[in-house]
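Here is the structure we will look at.
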Amino acid sequence: MAESDTAEAFAPSIASHIRRNEQGQPYLAGTKCGNCGHTFVGAREVCAKCYARSGLNPVKLAQTGKIYTWSIIYRSFPGIDTPFIDVIVDLADGAHIKGILKGVEADPEVDYFDMLVRVDFREVVPPGADEAYLVYYFVPLEDGEQNE
Amino acid sequence: MSDDVYVIGIDMIKFGRYPERTVPSLAAEAALMALDDCGLSIDRMQALYCGNLGEAGGMVGQRMLAEIGQTGIPVVNVANACATGATAFRDAWMSVKAEVYDLVLAVGVEQMGKGLLGGGGGRKVSTEGILGSGTMPTMFSQIGLEHTRKYGTTFEQFARVSVKNHHHSTMNPKSMYRIETPLETVMNAEMISYPNTKLMCSVNVDGSAAAVLASEQKVKELGLLDRAVKVRASVMSSNPFEERQLAMPDFSAATRLAAKTAYEKAGLGPEDIDLVELHDCFATAEIVHYENLGLCPDGEAGRMIDDGETALGGSIPVNVSGGLLSKGHPLGATGIANIYEVCTHLRGEAGDRQVEGARVGLTHVVGGGPGMGTACGVHILEKT
């Protein structure tokens, strides 16, 4: 374990686009194309939209967004707790990301379209793993919070 | 421009569960059936294109030839998600179209377990149930609800697809299931990922299908033009950039691209098509593909299923085989089995489920998954 003090102090990230800043604050890492303006989740060298090979800039993704589509998962792989609400979120900066909506009941009669949400980072032990990982969920945006 | 390419022999085994069999033996059975369909022997085949996903590293084509005749021909083993069979067929078509060969064999085969398909994007620790769900039903449920978002399509309309395809399968002796599933049964079945219940998910089965393809000159030389089916278009696509594709795999853009190209190549339009076998891996998928394939204007797929236009006897019957929902979906075999179904109708040999007067048919498969991308194959076939 020859990692830095910082790395040892925090739970590892479950996916490469979930990162921490120097103070240990988690954020979602993205890339904005300086040519076409598309914002991607995660790091990349070339733009998949306009094929630009330069001008791709690392950005911290927006922490709020709006649900574009969803599904309630009643049957997942063995060992995974259900039901849960899987959502595709349009982040306020134009990036699109998948996640789980927490903090509301899973009910197919509910209209989840366009619900405003924010990113909620947590440390959890995934099924089958033996240590906690840094993950994110979405939770409903509270009154007074802006989607920006 | 080279001659047209024809299907002269084609067949599939009855889809089912054959755990005691091997993948090559399932492939061999369909290959021999396709050869028998045109009265030719394996030693007439100049190349083999073999599609299989589950043993993609296992040289299934060569192992199949070890069972039915080691003639020394070149073998290409292909894997391309649920478009694997169509990819093998198209590779065979291209080899004849390019005049490298004039008589070749394409086979698609799969042996599957039961249960959910999907993945977590290849990460070391699974993100399933943490960063969402990577199951196939989830992907296609979200695509269905995207249609709901745009056009108000209902759970009941999605469910009607399954009622229709299960009904069609009662007339197909090669279907895995042959049972009627009334609307209430479909809607009250176990919910997997809303709005797809268990009866709205395709069936994992074992299966194989095979086709013999020939150049026009060879077909005439063999005197097989009577039952030959002309390939009017053989087209593939991958997923072009779409706004949300990295968050939710997109199968619509690839389908629209392949369909548009196929209609252009064939010099035909959706109005010329008499029947369609499309990729109903989930009931929600069939709805969006009506529009993706141009069978109706955008936003009218729900009305189309309500009005029975895509049922046998309707204006454009879809999945009269029973589709992936009831006939079954052996991944690598599906793309050739769909072509078998259309050829059977064009030959007027489809029995109770025959689409009367069918002259032109279209097949569509699309494959992919979370973090993978999309493979789409569209074929337009015409009676000779």
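The values are calculated or read from the model by the stated rules, or taken from the named source; none is laboratory data. Bear in mind that the values here come from a model prediction, so they are computed numbers and not experimental data. All Cβ positions, glycine included, derive from the backbone under ideal geometry; neighbour counts span all protein chains shown. Ligands, DNA and RNA are stripped out before the accessible areas are found, and what is left, the full protein with its side chains, is counted by its heavy atoms. Shrake-Rupley method; radii C 1.70, N 1.55, O 1.52, S 1.80 Å.
Some values worked out for this structure:
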item: Calculated from backbone phi, Karplus (6.51, -1.76, 1.60) coupling profile of the stretch B:139-152 in Hz, x at Gly/Pro; result: 4, 7, 5, 5, 5, x, 6, 5, 5, 4, 4, 7, 10, x
item: Mean Cβ count within 10 Å, highest first, over the residues of peptides B:150-157, B:136-143; result: B:136-143, B:150-157
item: Nearest-ten-degree value, helix B:331-346 long axis tilted from longest Cα axis of chain B; result: 70 degrees
item: Residues with amide H under 5 Å from that of A:V117, placed H, sequence gap 5 or more; result: A:G65, A:K66, A:I67, A:L141
item: Helix-derived mean residue ellipticity, 222 nm - over the protein assembly as shown, DSSP H n ≥ 4, -39500 (n - 2.57), to 500; result: -8000 deg cm²/dmol
item: Shielding by partners - mean other protein chain Cβ count within 10 Å, residues of B:135-142; result: 5
item: Interface area, B with A, accessible, probe 1.4 Å, both sides summed, Å² nearest 100; result: 3400 Å²
item: Listed peptides B:59-72, B:260-273, B:365-378 by packing density, highest first (mean Cβ within 10 Å); result: B:365-378, B:59-72, B:260-273
item: Between helix B:23-38 and chain B: long-axis angle, C-alpha atoms, 0 to 90°, nearest 10; result: 60 degrees
item: Computed log₁₀ I(q)/I(0) - Debye formula, equal Cα scatterers, no solvent, the protein assembly as shown, q 0.12 Å⁻¹; result: -1.09
item: Beta bridge orientation in chain B: antiparallel %, DSSP, nearest 5; result: 75 percent
item: For residues of A:133-144, the mean tally of beta carbons on other chains within 10 Å; result: 1
item: Residue-by-residue Karplus 3J(HN,Hα) for the stretch B:46-58, coefficients 6.51, -1.76, 1.60, Hz, glycine and proline x; result: 9, 6, 10, 10, 10, x, 7, 9, x, 10, 4, x, x
item: Backbone HN-Hα couplings from phi across the stretch B:209-225 [Karplus 6.51/-1.76/1.60, Hz, Gly and Pro as x]; result: 8, 8, 9, 9, 10, 9, 6, 4, 4, 5, 4, 5, 4, 7, x, 10, 5
item: Per-peptide average of other Cβ atoms within 10 Å, ordering B:345-356, B:317-328 highest first; result: B:317-328, B:345-356
item: Cα gyration tensor, chain A - rounded (a/c under 1.5), prolate or oblate; result: oblate
item: Long-range amide H partners of B:G132 with built H, under 5 Å; result: A:I100
item: Bridge type composition, the stretch B:1-139 - antiparallel percent by DSSP, nearest 5; result: 10 percent
item: Within 10 Å of each Cβ in A:93-99, the average number of Cβ atoms from other chains; result: 5
item: Where the stretch A:1-105 is the region considered: accessible area per residue in Å², 1.4 Å probe; result: 51 Å²
item: Under-5 Å amide H pairs with B:A56, H placed in peptide plane, nonlocal only; result: none
item: Fraction of accessible area attributable to carbon and sulfur, the stretch A:5-140 (%, probe 1.4 Å); result: 46 percent
